[in-house]
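The values are calculated or read from the model by the stated rules, or taken from the named source; none is laboratory data. A quick note: this is a predicted structure, and the numbers were derived from the prediction, not measured. Backbone-built Cβ (ideal geometry, glycine too); neighbour counts: all protein chains shown. Ligands, DNA and RNA are stripped out before the accessible areas are found, and what is left, the full protein with its side chains, is counted by its heavy atoms. Shrake-Rupley method; radii C 1.70, N 1.55, O 1.52, S 1.80 Å.
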Amino acid sequence: MNTQMSHLAPIAQGQPTPPKPEITGVLTIISPKPGVTLEQVMKIMPAEIRATVPLYLDGKIQQWFTRGDGRGAIFILNCKDVAEARALIESLPLSKGNLMEEQFIPLGPLLPLGILLRDSPANK
């Protein structure tokens, strides 16, 4: 049996403990700390851009977005865990300047999709 599918057994049997997916990335949300002004952020922004572009070109930043409310950025990082993502973000100028709040959410494959494979005619 596929190891990812074996993680689905508790869900399929109605048990309340969901399986933990393999971490394949980290969603990171950064926004200015309360009281930090746009002027403070913009003063450091050229250095922030110079530091983030190489991370994108090296594949560490998979995707990056501006928040729709204009209050920061969202990165999907190619990191194996939150500790690696935190170290990467905290090395950037805005974080070093203690201007940003950071939120880290580990990401992994959507494990319930394995049910489709388990129940497919090819596996019967």
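If you take every residue apart from R67 with its C-beta less than 14 Å away from the C-beta of R67, what net charge results, scoring Lys and Arg +1 and Asp and Glu -1? For residues surrounding R67, the net value is -2. Multiplying the residue separation of Q103 and R118 by 0.36 nm and removing their Cα-Cα distance gives an extension gain of 1.9 nm.
Counting only protein chain heavy atoms and rolling a 1.4 Å probe, the accessible areas of E22, E90 rank, largest first, as E22, E90.
Once the Cβ-Cβ distance between L57 and E90 is put in as r, and R0 is 25 Å, what FRET efficiency do you end up with, to the nearest 0.05? Computed FRET efficiency for L57 and E90 comes out at 0.80. Accessible area per residue was computed with a 1.4 Å probe on protein heavy atoms; R71 scores about 110 Å². For E101, the amide hydrogen comes within under 5 Å of the amide hydrogens of S31, K33, counting only partners 5 or more places away or on other chains and with H modelled in the peptide plane.
For the pair A73 and E22, a Förster radius of 25 Å applied to the C-beta separation gives a FRET efficiency near 0.45, rounded to the nearest 0.05. Can you give me the solvent accessible area of D58 with a 1.4 Å probe, rounded to the nearest 10 Å²? The value for D58 is about 130 Å². Per-residue 3J(HN,Hα) values for the range 83-94, derived from phi via the Karplus relation 6.51 cos²θ - 1.76 cosθ + 1.60 with θ = phi - 60°, read 4, 5, 5, 4, 4, 5, 5, 6, 7, 7, x, 5 Hz in sequence order (x marks Gly and Pro).
When K43, K96, K33 are compared by accessible surface with a 1.4 Å probe, the order from highest to lowest is K43, K96, K33. Accessible-area rank, largest first, for S91, S31: S91, S31, with all protein chains present and a 1.4 angstrom probe.
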